[in-house]
Each structure stands twice: as C-alpha cells, then as structure tokens.
Amino acid sequence: MSAEKKSYKSGEFLFNDGEPSKSLFLIQKGAISIRKKKGNTTIEVGKVLAGEVIGELSFFDRLPRSASGVAIIDVEAIEISFVSLDKIYSSVPDYLKTIMAAMADRLRKANDTIRQLQKIPD
C-alpha cells in the first residue's frame, strides 16, 4: 500500500475546500482545524486530533474536498493514496460497499443541510 509520512508546520494546509481528493490522512501527532469559507472569512467546523483520520468521505464518493484542513500545531500524518486503497477495497463485498457509500452520501447531505441552516437569519 502506498503510504507516505508527511509533516506540516502550524498554518500549513493539508488540503483545500473544493480541490480534488486523492488521499486520506491518518493523524499521528498534532491537531488540524477543519474550516469552511463563509463570505470573506472562514469558520472552524471541527478539529481532528492524533489517532483520527480525515479525508475518508472523499474516498467513498470521490467528490472534491468538502472543507479545508490546516495544521494548528505541528502535525505528523500518514497520507494514503486512494489508488492504493482501491486495491484493498476491490476485495470488499458489494453489500459492504453499498453500506459505506450510503453512509458517505448521508454525511454529505448532512453537511449541506448544516450549511443551509447556517444561512438562515436568526
């Protein structure tokens, strides 16, 4: 499997909202802010810490990144390409692929709903 250890300094982006997805990240050390653009600014929608994974949603639906990920302290991560994961995923039973795709679809829809709710004035 193609996995590459990467380091990011505080303030460096692992990926940007809207760009094509080609890999996921296993965070070994540090913390990442997950951010969305809102007008001329960005808002933090979550944090990812050591022991967690980011970018997995795009593995299942192959859509562009739904947010940006920026290191908030120095980060060490293992980046795993989708190409290498595809080799393993090809042996997964079809029913399990259907379940994972449904979960990815629901999460994308939930993200869209949250974005719409954020636009509603109080």
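Coordinate-derived values only; no laboratory data. All figures in this text were calculated on a predicted structure; none of them were measured in a lab. Don't worry about glycine lacking a Cβ; one is built from the backbone with ideal geometry, like all the others, and counts go over all protein chains shown.
A few notes on this one:
- Of all the residues in segment 1-13, those that are charged (D, E, K, R) and surrounded by 13 or more Cβ atoms within 10 Å (Cβ to Cβ) number 2.
- When the residues of segment 14-45 are filtered to those that are of a type in the set (D, E, K, R) and loosely packed, with under 14 Cβ neighbours inside 10 Å, the one that is farthest from residue 2 (Cα to Cα) is 38.
- Counting only strands (runs of 3 or more DSSP E) that sit completely within segment 1-94, those holding 3 or more residues that are closer than 29 Å to residue 115 by Cα and free of Cβ contacts under 8 Å to residues at least 24 places away in the same chain correspond to 41-49.
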